Amino acid sequence: MYALLVLDIQVGLVHGPETPWRCDAMLDTVNGLMDQARRSGAGIFLARHIGPAGSPMAPDSPLTRLAPQLKLSGNEVVFEKQRPNAFAQTDLANSLRSVGATGVVIAGMKTQYCVDSTCRAARDLGFDAVLIGDGHTCSDTAALQAKDIVAHHNATLHGPFCQVIKAEDWCF
């Protein structure tokens with residue numbers, strides 16, 4: 001059984017100074033995945049990346065709130081993390097196992113940080129990892145355009161670390 005893991009779709013990343021590539025399409029994809037997960041009874045876990053108290057990423061900062069575009073039902077598990085890998089220093093692995101999940105479907109932000117780190121860690125922890133190839137994004141960097149970062153990670157992660165599947169081809 002698979003659970004859905006949505007990473008860091010937060011106000012400060014969605015509405016920050018650096019516009020995420022294809023953000024509206026990614027949000028639609030994630031909302032569709034959450035609808036599908038709900039219909040199938042799969043667990044839905046949403047990570048909020050936070051930083052120290054008093055910083056712009058403090059747990060109580062408006063920037064760390066989940067983006068209002070997410071269509072939440074109230075039955076999702078929302079947890080905080082402080083590392084790119086959503087499993088590091090959190091109870092995520094135990095929480096997934098407690099709902100019977102042996103696999104995790106990953107979507108969210110940012111591709112080259114939290115998405116990458118979490119995909120790599122999931123398999124090491126014994127979970128079958130699936131990355132939704134059109135369900136994650138980031139912003140342009142000085143070195144690369146976001147579309148190239150996403151394409152590179154889809155190609156690099158597929159196989160040794162996870163399966164990469166388009167949302168339309170995934171079914172919980």
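The values are calculated or read from the model by the stated rules, or taken from the named source; none is laboratory data. All figures in this text were calculated on a predicted structure; none of them were measured in a lab. Here the Cβ positions follow ideal geometry from the backbone for every residue, glycine too, while neighbour counts run over all protein chains shown. Remember, those area values only see protein heavy atoms, side chains included, never the ligands or the DNA or RNA. Shrake-Rupley method; radii C 1.70, N 1.55, O 1.52, S 1.80 Å.
Summary table below
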{"read-out": "So P52, is it at pLDDT below 95 and touching a helix residue (DSSP H, G or I) at 6+ places or on another chain (Cβ under 6 Å)", "value": "no"}
{"read-out": "Total residues in the stretch 12-25, condition outside any loop (DSSP other than H, G, I, E, B), more than 20 Å from R83 (Cβ to Cβ) and in contact with a helix residue (DSSP H, G or I) (Cβ under 9 Å, 6 or more places away or on another chain)", "value": "2"}
{"read-out": "Any hit, the stretch 75-88, residues being among the β-branched types (V, I, T) and open to solvent by 40 Å² or more (accessible area, probe 1.4 Å)", "value": "yes"}
{"read-out": "Test: D8 is touching a strand residue (DSSP E or B) at 6+ places or on another chain (Cβ under 8 Å), within 25 Å of Q145 (Cβ to Cβ) and among the charged types (D, E, K, R)", "value": "yes"}
{"read-out": "The stretch 74-94: number of residues that are touching a residue at least 24 places away in the same chain (Cβ under 8 Å) and part of a helix (DSSP H, G or I)", "value": "2"}
{"read-out": "Matching residues in the stretch 144-170 - criterion: being touching a Phe, Trp or Tyr at 6+ places or on another chain (Cβ under 9 Å), in a helix (DSSP H, G or I) and loosely packed, with under 14 Cβ neighbours inside 10 Å", "value": "K147"}
{"read-out": "Any hit, the stretch 99-120, residues being open to solvent by 50 Å² or more (accessible area, probe 1.4 Å), within 23 Å of A25 (Cα to Cα) and part of a loop (DSSP other than H, G, I, E, B)", "value": "no"}
{"read-out": "Residue check, A53 part of a loop (DSSP other than H, G, I, E, B), of a type in the set (A, V, I, L, M) and farther than 22 Å from D128 by Cβ", "value": "yes"}
{"read-out": "Residue that is surrounded by the fewest Cβ atoms within 10 Å (Cβ to Cβ) [pool: residues in the stretch 131-143 that are more than 11 Å from the chain's Cα centre (by Cα) and part of a strand (DSSP E or B)]", "value": "D134"}
{"read-out": "Cβ-Cβ under 6 Å pairs, at least 6 apart or on other chains, the stretch 125-152 side more than 19 Å from D28 (Cβ to Cβ), far side assigned to a helix (DSSP H, G or I)", "value": "L125/A93; A129/C119; A129/A122; A129/R123; D140/A146; I149/T111; I149/Q112"}
{"read-out": "Residues (surrounded by 16 or more Cβ atoms within 10 Å (Cβ to Cβ) and in contact with a Leu (Cβ under 9 Å, 6 or more places away or on another chain)) located in the stretch 39-56", "value": "A42, G43, I44, F45, L46, A47, R48, H49"}
